[in-house]
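I have placed the structure first, in the form of structure tokens, so that the comments after it can refer back to it.
The values are calculated or read from the model by the stated rules, or taken from the named source; none is laboratory data. Every value quoted in this text rests on a predicted model; they were computed, and no experiment measured them. We place every Cβ from the backbone using ideal geometry, glycine too, and count neighbours over all the protein chains shown. Areas reflect the complete protein model, heavy atoms only, side chains present, ligands, DNA and RNA absent. Shrake-Rupley method; radii C 1.70, N 1.55, O 1.52, S 1.80 Å.
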Amino acid sequence: MAGSLQDQLLNAGLANKKQAKQAKDLKRKQSKQKRGGQASVDEEHQRREAVEAARLEKIERDRELNRQRQQEQAQKAAQAEVRQLIETHRLPLSPKAELHYNFVHGTTIRHLYLEQKQIDQLARGQLRIAVLDNGYHLIPAEVVERIEARLQDVVLPRPVDDTPEPDDPYADYQIPDDLMW
């Protein structure tokens, strides 16, 4: 069998030694470039795109982290403002109060000892109950709007009026408190 294709072309007279040497040099240069780490133009372009994509992703991640930090700071500031509003406007609970006032917080029934005047004001909506550090405080209704503008779930909802409607056919029949079903 004959040698390489190059030798066969030279023997047949289809190529001369100068063309063979140029082909050999070109092949050697290409292999040297690949071994030396020089990337082709396409590989360089792909690498630049990957670097740019990573940079843009990092910028977006940093923006999201900054937004979260700002949101946390705003939440802390709102909590501090609400705390200050409640502490400055809360009404003192009388240590002599003997009336047991029940109210619902979440799914549990809580109670405070209040005076009759305070209970009447709660029923009329002049006072409201605010939750601060697992404690309950009476605050005037004028302050409630300012508190609810900052945080929603701090002030308990106004008590529901349970007086029967005038056209209720069962208004004359009172349901006893100790009724067992």
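Maximal additional length on extending the Ala15-Gln79 stretch stands at 14.2 nm, based on 0.36 nm per residue less the C-alpha distance. Heavy atoms of the protein chains alone define the surface here; on that basis the chain has 86 Å² accessible area per residue at 1.4 Å probe size. Each distinct pair of alpha carbons in the range 33-143 adds a 1/r term; the inverse of their mean, the Kirkwood radius, is 19.4 Å.
Where the only charges are on Cβ atoms (+1 Lys, Arg; -1 Asp, Glu), what is the dipole of the chain about its Cα centre, to the nearest 20 debye?
Details: 29 positive and 30 negative charges, 710 e Å.
The calculated dipole for the chain is roughly 3400 debye.
If the label point is 7 Å along Cα→Cβ of Leu151, which residues in the range 77-99 have backbone nitrogen under 12 Å from it? So the set is 77-87.
The per residue volume of the convex hull around the alpha-carbon atoms of the range 98-162 is 92 Å³.
Annotation for Gln116 and Ala54: the two label points, set 7 Å from Cα along the Cα-Cβ direction, are 7.9 nm apart.
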